[in-house]
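Any read-out appearing in this document is the output of simple, stated calculations on the displayed coordinates, not a laboratory observation. Note that the structure is a prediction, hence the values are computed from the model and not measured. When we count neighbours, we look across all protein chains shown, and the Cβ atoms used for this are built from the backbone with ideal geometry, even at glycine.
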Amino acid sequence: MKRSMRKVDLIVIALSSPILIGVYENSNLIQTLSSEERSSDFLPSVFAELLEKYDISSVTYANGPGSFMAIKVTYLFLQTLHVTNEIEVLAALGFTFNKNSPIKAMGKLYFHLIDGEIVIKALEEETKLEAMNLPALYEKEKYSTDNAPNYVLPAVN
């Protein structure tokens with residue numbers, strides 16, 4: 001007989017280093033996992049442990065903007081979990097988790113959220129960058145069922 005497992009929801013932020021994973025029970029953050037590893041190395045090992053310990057209902061991930069490769073790896077990994085384990089996958093912009101602060105793009109360029117549009121430009125001197133943070137409460141209704149990656153790629157000159 002299978003033992004009863006605690007039902008949880010997860011948030012995964014893998015846009016930059018460190019990768020953050022929050023475990024939420026009854027909408028409250030009960031565990032935080034963090035790693036400087038690449039998402040392709042960290043996600044399989046940590047999810048193997050989480051799937052043994054918890055009954056995961058949903059996973060919300062930061063679907064961009066940020067590292068193109070990290071977004072792609074995270075999306076494919078979570079879609080595989082969705083298909084194999086029937087786990088709902090939701091998405092949110094990375095700005096949701098860093099107080100709408102610019103997110104590193106490449107070189108000296110950053111992604112900025114301006115009037116609801118994502119633009120790529122250099123930082124202004126007075127700009128304060130905020131780190132990615134997991135919310136204390138998991139508010140599922142705030143996240144989108146349209147979970148496709150939000151790749152924002154600069155035009156090639």
Per-residue ellipticity at 222 nm for the chain, helices alone: DSSP H runs ≥ 4 residues times -39500 (n - 2.57), over residue total, nearest 500 deg cm²/dmol? -7000 deg cm²/dmol
Once GLU141 and ASN28 are pulled to full extension, the length gained, defined as 0.36 nm per residue separation minus their Cα-Cα distance, is 39.2 nm
With a cap of 11 neighbouring Cβ atoms within 10 Å, and only residues DSSP puts in a loop, list the GluC sites (Glu not before Pro) found in the stretch 43-103. GLU86
Over all directions, average the projected area of the Cα convex hull of the chain and note it in nm². 10.2
Kindly count the pairs of lysines across the stretch 77-157 whose alpha carbons are less than 28 Å apart, treating pairs on different chains or eight or more residues apart as eligible. 13
For a quick size check, give me the Cα extents of the stretch 93-157 along its three principal axes, largest first, whole Å. 39, 27, 20
Take THR84, THR96 and order them by how many other Cβ atoms sit within 10 Å, fewest up front. THR84, THR96
Mind checking the angle between helix 68-85 and the chain's longest principal axis? C-alpha axes, 0 to 90 degrees, to the nearest 10. 20
